[in-house]
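For reference, the structure discussed in these notes is given below.
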Amino acid sequence: MDYETVIRERFRETAQNYEKLTANAEQIQKVSLEIVARMRRGGCVYFCGNGGSAADAQHLAAELQGRFLHDRRPLSSIALTTNTSTLTAIGNDYGYAQIFDRQLRGLGQTEDVLVGLSTSGNSENIMLAMATAREMGIYAVGLTGSTGGAMADACDTCIRVPADHTARIQEMHIAVGHMMCEIVEQELM
C-alpha cells in the first residue's frame, strides 16, 4: 500500500472539511458568548463524551481550568468523564445511560452549560444528560457529525461538523472546542 498517497488524501479531506466548517462560525460565536454570559453569572461548563470524545471532553475542560493561550484565573469547568468511582458506581447501580445525567443532577445549576460530544449524535447517556440539562435550565450544546443524529433536536444548540468519519469528526470537535475556549478566555480575561 502507498501510505504517502493515503496520507495526502486524508489531509486533503481534512482541509476540505475545515473549509466547510467556516460556515459554523456564527453558531460557534453564539455558543461561546452564551458560555461567557453564564460564567459571568457564576456558571460552570460541564463536558461529556464516550471513548475518544471522553478524552476530548477532558481536554477541553482542562483548557478552561488551566490556561489556553493566556495566563489568567482558572475558569469553572468539569469533565463528567473523569471520576471513575462515580462513573462505575452510577453505571453499576443505575445503568450506563445515567452516568452523566446523575452527575449533572447532583452538580448542575441553572447558569451552567453542558457540552456533549458525540460523533453519531445518538449516544444514549449524552441524550439523557441533554434532556436533564434542558429540564434544569442548563444551556445544552451538542457537538456531532454532519447528520446531528438525535442530538440535533435534543439540545439548545447543535454544532454539526461537516464530516462523517469518526476520526475527522473528532478532529473537528477539538478545533471547535479550541475556538470556544479562545473566545471564552479572551472575554473573561
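Condition first: more than 30 Å from E13 (Cβ to Cβ), among the small types (G, A, S), assigned to a loop (DSSP other than H, G, I, E, B) and out of contact with any Asp or Glu (no Cβ under 6 Å at 6 or more places or on another chain). Can you find one or more residues in the range 82-104 that meet it?
Quick first cut of the range 82-104, residues more than 30 Å from E13 (Cβ to Cβ) only: 82-104.
Right, trim to among the small types (G, A, S) and you get 85, 89, 91, 95, 97.
Still in the list and also assigned to a loop (DSSP other than H, G, I, E, B): 95.
From the residues that got through so far, the ones that are out of contact with any Asp or Glu (no Cβ under 6 Å at 6 or more places or on another chain) too are 95.
Yes.
Of all residues in the range 37-67, those being among the hydrophobic types (A, V, I, L, M, F, W, C) and either surrounded by fewer than 18 Cβ atoms within 10 Å (Cβ to Cβ) or in a strand (DSSP E or B) (or both) number 6. All conditions but one from (1) in contact (Cβ under 8 Å) with a residue 12 or more places away in the chain; (2) among the basic types (K, R); (3) part of a helix (DSSP H, G or I) apply to R8; the one that does not is (1). Looking at the range 50-62, can you tell me whether even one residue there is at pLDDT 95 or above and over 22 Å from Q103 (Cα atoms)? Within the range 50-62, not a single residue is at pLDDT 95 or above and over 22 Å from Q103 (Cα atoms). When L21, L64, L60 are checked against the criterion of being in contact with an Asp or Glu (Cβ under 8 Å, 6 or more places away or on another chain) and among the aliphatic types (A, V, I, L, M), L64 stands alone in meeting it. Screening A154 against (1) surrounded by fewer than 19 Cβ atoms within 10 Å (Cβ to Cβ); (2) under 27 Å from A175 (Cα atoms) leaves a single unmet condition, (1).
Quick one: count up the residues across the range 15-37 that are in contact (Cβ under 8 Å) with a residue 40 or more places away in the chain, charged (D, E, K, R) and out of contact with any Phe, Trp or Tyr (no Cβ under 6 Å at 6 or more places or on another chain).
Initially, the range 15-37 is screened for residues in contact (Cβ under 8 Å) with a residue 40 or more places away in the chain, giving 17-18, 20-21, 23-24, 27-36.
Checking which are charged (D, E, K, R) leaves us with 20, 30, 34.
The next check asks that each one be out of contact with any Phe, Trp or Tyr (no Cβ under 6 Å at 6 or more places or on another chain); those that pass are 20, 30.
Total satisfying the criteria: 2.
Just to be sure before I move on: is A163 in a loop (DSSP other than H, G, I, E, B), out of contact with any Cys (no Cβ under 9 Å at 6 or more places or on another chain) and of a type in the set (A, V, I, L, M, F, W, C) in the structure I sent? Spelling it out, A163 is indeed in a loop (DSSP other than H, G, I, E, B), out of contact with any Cys (no Cβ under 9 Å at 6 or more places or on another chain) and of a type in the set (A, V, I, L, M, F, W, C).
The values are calculated or read from the model by the stated rules, or taken from the named source; none is laboratory data. Since this is a predicted model, take the numbers as computed values, not measurements. Note: ideal-geometry Cβ built from the backbone for every residue, glycine included; neighbour counts use all protein chains shown.
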